[in-house]
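Before any comments, here is the structure.
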Amino acid sequence: MDTLLCIRHAQSTMNAVGLWQGQANPPLSEEGREQAQALGDRLAGESLSVLVASDLQRARETAEIAARRLGIATRLEPGLRELDVGEWSGLARDEIARRWPEDFARFRAGDLDLRAGGGETRRELRTRVVAVLRSLRHSYRVAQVAVVTHLGVLRTLAPGIQIMNAECFRLDMATLEGSSSFPPGDGGAAQ
């Protein structure tokens, strides 16, 4: 497995109203379910063997809906969960900025060691995610694999990426070899 297809989950009920989720567990919105079905259609030409998803409901549902359309299996992986944003979970961006202005500014600046809302650091997230992806690379050496995960996770792999719900990009797995440190870029400054 030289490349990995990385997918952001479809729209959740919290995405729909602009709330930060972190490891909260909302379901997909109706629009999100439609996005997941369309994702399945778009992935039809990819010859995928498995969709590996975060076990949070929004990613799991996205993967299960798309996998049904493709006739393939899903595998849940808790290590692909979103960044734990602690007390920021369930809040809108402007409320976070108002209540924690210094921490929010540090977060926006890409501080890798800030515990967002008292949760985990981006450095801890990157270490967790890289370990999972290396394990997947070992387990699925010749298979075509896609992961369905979260924006914060994807930004630890491709800093600064702008990717909408149910969109995807390819990750060169060689970028994960040798280190769990961040590649050049902003460390995923915006959530």
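The table for this structure:
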{"read-out": "Percent accessible area from carbon and sulfur atoms, the chain, protein chains only, probe 1.4 Å", "value": "47 percent"}
{"read-out": "Å² per residue, accessible surface of the chain at 1.4 Å", "value": "44 Å²"}
{"read-out": "Local electrostatic count at GLY22 - Lys and Arg +1, Asp and Glu -1, tallied over other residues with Cβ under 12 Å", "value": "-1"}
{"read-out": "Spacing of the two label points (7 Å from each Cα toward its C-beta) at TYR140 and ARG170, in nm", "value": "1.5 nm"}
{"read-out": "Between the stretch 37-86 and the stretch 17-33, the Cα center-to-center distance that results, in Å", "value": "15 Å"}
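The values are calculated or read from the model by the stated rules, or taken from the named source; none is laboratory data. Since we're looking at a predicted model, the values are computed, not measured. Please note: Cβ atoms are built from the backbone with ideal geometry, for glycine as well, and neighbour counts cover all protein chains shown. Protein only, heavy atoms only, side chains kept; ligands, DNA and RNA dropped before computing areas. Shrake-Rupley method; radii C 1.70, N 1.55, O 1.52, S 1.80 Å.
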